[in-house]
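The values are calculated or read from the model by the stated rules, or taken from the named source; none is laboratory data. Worth saying up front: this structure is predicted, and the values here are computed from it rather than measured. Because the Cβ atoms are built from the backbone with ideal geometry, glycine has one as well, and the counts that use them run over all protein chains shown.
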Amino acid sequence: MMQVALPLRPRKVDGLPGGQLTVFELVDIDSALEEAVRRGGRAPYGGVLWDTAPCVAAVVLDRAPRGRRVLELGCGLGLVSLACARAGASVLATDVEELALEATRRAAAHAGLAVETALFDVADDTPLPACELLVIADLLYEASLATAVARRARAALACGAQVVVGDPGRAGRAAFTAALGGAAVADFAPVVVGGHHADVAVLACRS
């Protein structure tokens, strides 16, 4: 797999069930954004630790992931995937950005954890990798992406997987809920972990 030299620095994340984890985030997000704009590339938002990740990690760990196949979409720095791997899950962390995957690999190596990584675009037609637990943290920031996320959530539910979705109140949440249609109910509830705040829903299939 391609390795990328990235300006990343370690950041400790406290308050998680099971104890502290270290992720690797961009040293200077503003400079990275400016460079992305200059080159006409994708904004490197996956190189930042957002509040939703610790909150989703806490909820997922309550779902007893040990021994289960966990798939994370839009893994960013990989915090949720790291927490699941530490809890004994078999984890595939995916993202559309190679930067995010490299950050996740570095964090996994630092922690001595086994986390598989793969490029995956939520919005394209590639089949969803098999999983028993699908986790999604902070991907509802625009309506079109939120609709694509709902499509992936419906696919996972149809295969019998559990789905956990975290969102800090992005503009696409209403589109996500609407796109679930009759497949599931998303009851978001506030979660606070180590000073991080977000709403998290464990999707329930409609009876």
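Condition check: part of a loop (DSSP other than H, G, I, E, B) and at pLDDT below 90. Does Ala43 satisfy that? I'd like the intermediate steps shown before the answer.
Working: part of a loop (DSSP other than H, G, I, E, B): yes; at pLDDT below 90: yes.
Taking the combined requirement at face value, the residue satisfies it.
Has the range 67-81 got at least one residue that is among the hydroxyl-bearing types (Ser, Thr, Tyr), surrounded by fewer than 23 Cβ atoms within 10 Å (Cβ to Cβ) and at pLDDT 95 or above? Even if it seems obvious, please write down each step before you answer.
Restricting attention to the range 67-81, the residues satisfying the condition of being among the hydroxyl-bearing types (Ser, Thr, Tyr) are 81.
Add one more test, that the residue is surrounded by fewer than 23 Cβ atoms within 10 Å (Cβ to Cβ), and what stays is none.
Within the range 67-81, not a single residue is among the hydroxyl-bearing types (Ser, Thr, Tyr), surrounded by fewer than 23 Cβ atoms within 10 Å (Cβ to Cβ) and at pLDDT 95 or above.
Any residue at all in the range 139-150 that is in contact with a strand residue (DSSP E or B) (Cβ under 7 Å, 6 or more places away or on another chain) and not in a helix (DSSP H, G or I)? Reasoning before the result, please.
Of all residues in the range 139-150, those in contact with a strand residue (DSSP E or B) (Cβ under 7 Å, 6 or more places away or on another chain) come to 139-140, 149.
Subset that is not in a helix (DSSP H, G or I): 139-140.
Among the residues of the range 139-150, at least one is in contact with a strand residue (DSSP E or B) (Cβ under 7 Å, 6 or more places away or on another chain) and not in a helix (DSSP H, G or I), which makes the answer yes.
Among the residues of the range 161-170, is there at least one that is part of a strand (DSSP E or B) and without any contact (Cβ under 8 Å) to a residue 12 or more places away in the chain? Steps first, answer last, please.
Narrowing the range 161-170 to residues part of a strand (DSSP E or B): 162-167.
Then drop every residue that is not without any contact (Cβ under 8 Å) to a residue 12 or more places away in the chain, which leaves none.
Scanning the range 161-170, I find no residue that is part of a strand (DSSP E or B) and without any contact (Cβ under 8 Å) to a residue 12 or more places away in the chain, so the answer is no.
If I go through the range 11-24 residue by residue, how many of them are assigned to a strand (DSSP E or B) and either buried (at least 19 other Cβ atoms within 10 Å of the Cβ) or in contact with an Asp or Glu (Cβ under 8 Å, 6 or more places away or on another chain) (or both)?
The first filter runs over the range 11-24 and keeps only residues assigned to a strand (DSSP E or B), leaving 11-13, 21-24.
Going one step further and asking which of them are either buried (at least 19 other Cβ atoms within 10 Å of the Cβ) or in contact with an Asp or Glu (Cβ under 8 Å, 6 or more places away or on another chain) (or both), we end up with 11, 13, 21, 23-24.
Adding up the residues that qualify gives 5.
When the range 137-149 is examined, which residues are found to be within 20 Å of Trp50 (Cα to Cα) and either without any contact (Cβ under 8 Å) to a residue 60 or more places away in the chain or aromatic (Phe, Trp, Tyr) (or both)?
Kept after step one, since they are within 20 Å of Trp50 (Cα to Cα), are these residues of the range 137-149: 137-143, 145-146, 149.
The answer is Leu140, Tyr141, Glu142, Ala143, Leu145, Ala146.
Among all residue pairs at least 6 apart or on different chains, which show Cβ distances below 8 Å where the first residue, located in the range 105-133, is assigned to a helix (DSSP H, G or I) and the second is at pLDDT below 95 and surrounded by fewer than 20 Cβ atoms within 10 Å (Cβ to Cβ)?
Going by the 8 Å Cβ cut-off, the qualifying pairs are Arg106/Leu8.
Can you tell me which residue is nearest to Thr52 (Cα to Cα) among those in the range 150-176 that are of a type in the set (A, V, I, L, M, F, W, C) and surrounded by fewer than 18 Cβ atoms within 10 Å (Cβ to Cβ)? Lay out the reasoning, then the answer.
Taking the range 150-176 first, the residues of a type in the set (A, V, I, L, M, F, W, C) are 150, 153, 155-159, 161, 163-165, 171, 174-176.
Going one step further and asking which of them are surrounded by fewer than 18 Cβ atoms within 10 Å (Cβ to Cβ), we end up with 155, 158-159, 171, 174.
Values: Ala155: 23, Ala158: 25, Cys159: 26, Ala171: 15, Ala174: 17 Å.
Top of the filtered list is Ala171.
Any residue that is acidic (Asp, Glu), touching a Ser or Thr at 6+ places or on another chain (Cβ under 8 Å) and either buried (at least 21 other Cβ atoms within 10 Å of the Cβ) or not in a helix (DSSP H, G or I) (or both) - is there at least one of those in the range 177-200?
We begin by selecting, within the range 177-200, every residue acidic (Asp, Glu); these are 187, 199.
Filter again for touching a Ser or Thr at 6+ places or on another chain (Cβ under 8 Å), leaving none.
There is no residue in the range 177-200 that is acidic (Asp, Glu), touching a Ser or Thr at 6+ places or on another chain (Cβ under 8 Å) and either buried (at least 21 other Cβ atoms within 10 Å of the Cβ) or not in a helix (DSSP H, G or I) (or both).
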